[in-house]
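Each remark here refers to the structure printed beneath this line.
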Amino acid sequence: MSIERAFVAGAGLMGHGIAQVLATAGRTVDLYEPELARAEAGRARILANLERAVAKGRLDGATAQESADRIATTDRIAAVEVADLVVEAVFEDEAVKRALLAELDGLAPGRAIFASNTSSISIDRLAAALAPGRRQAFCGMHFFSPVPVMPLVELIRGGATDDATVAAVRALAGDLGKQVIVSADRPGFIVNRILMPLLAEAMRALEEGIGTAEDIDTGARVGLNHPMGPLALADFIGLDVVLGVMNVLHADLGDARFAPPRTLEDLVAAGKLGQKSGEGFFRYPRG
């Protein structure tokens, strides 16, 4: 199936990045938020990203302008009626995602492929919000942040996902310049199944006074050759997002390795969410 027009539901950290890479790859995009100002804020972030790419010589000005022109903002969910691809990219909350997917399913054309950017929630549980006839065209399409930079897409195949949907999503990801890995529909999929215990252990090491945050992260960067320490990475992802993923994994797997450490829960409760709030395990200068 040819994918020429996409509807991206959610213009936040992930959604605006997904819209950007789709537009840069020549697709027309409707960027949706129920409040138009939020959709416009997402598009403004895209324009700033494109300007930086031009300034750094990674993109020519004409291509950047053409990409920007392909993105329209909307607060009309009915705009999904012309979509070939529907990407759900809202907060990692199963009830929120299911309600949105059900509403979109009732409006989208029968030909449309549906994909969720979920990083941990079962594709089969999300698919239950869709009409039975839509479920074979639904999969997980998990991008990584920042979407325009990170070259990986995790494709999660649900129990009903058919071969044509997998082939279409693979082809699209290739057009976006992404490498695809395929995961079974298991809690956390591949990447977060590996990552979350690492982050949790780093947090527990900090709680137990084994080392400072700086030394723990230096140990990972220098001793393990990781590009970023685990505590800084958690701050980058967003501590509220990390907490949400750990909660899903712990509930689904019942394994203590995935239980959120107390320090993580305390930071989130205090509104210290990492880079986006200016403070998490580390402090970050505003702007």
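Overview of values
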item: Modelled FRET efficiency - R0 30 Å, residue 265 with residue 221, Cβ distances, 0.05 increments; result: 0.70
item: Spatially proximal lysines relative to residue 272 (Cα-Cα < 29 Å; intrachain offsets below 8 disregarded); result: 97
item: Nitroxide proxy distance, nm - points 7 Å out along Cα→Cβ at residue 208 and residue 76; result: 5.8
item: Calculated P(r) of the chain - Cα pairs past 37 Å, %; result: 14
item: Computed label-point distance, nm, for sites residue 47 and residue 284 using a 7 Å Cα→Cβ extension; result: 2.4
item: Net charge, residue 91 excluded, C-beta distance under 11 Å - Lys, Arg +1, Asp, Glu -1; result: -4
item: Full-extension gain in nm, residue 186 to residue 63, via 0.36 nm per residue minus C-alpha separation; result: 40.4 nm
item: Efficiency of FRET between residue 102 and residue 170 - r from beta-carbon atoms, R0 25 angstrom, step 0.05; result: 0.40
item: Positive-end extreme of charge dipole, the chain - chosen from 248, 34, 146 (charges on Cβ); result: 146
item: Residues in region 70-107 that a label on residue 37 would reach, taking backbone N under 16 Å of a point 7 Å out along Cα→Cβ; result: 74-75
item: Percent of Cα-Cα distances greater than 26 Å, calculated over region 82-208; result: 22
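Each reported figure results from applying straightforward, stated rules to the coordinates on display, with no laboratory input. Just so we're clear, the structure is a prediction, and the values are computed from it rather than from any experiment. Cβ atoms come from the backbone with ideal geometry, glycine included; neighbour counts cover every protein chain shown.
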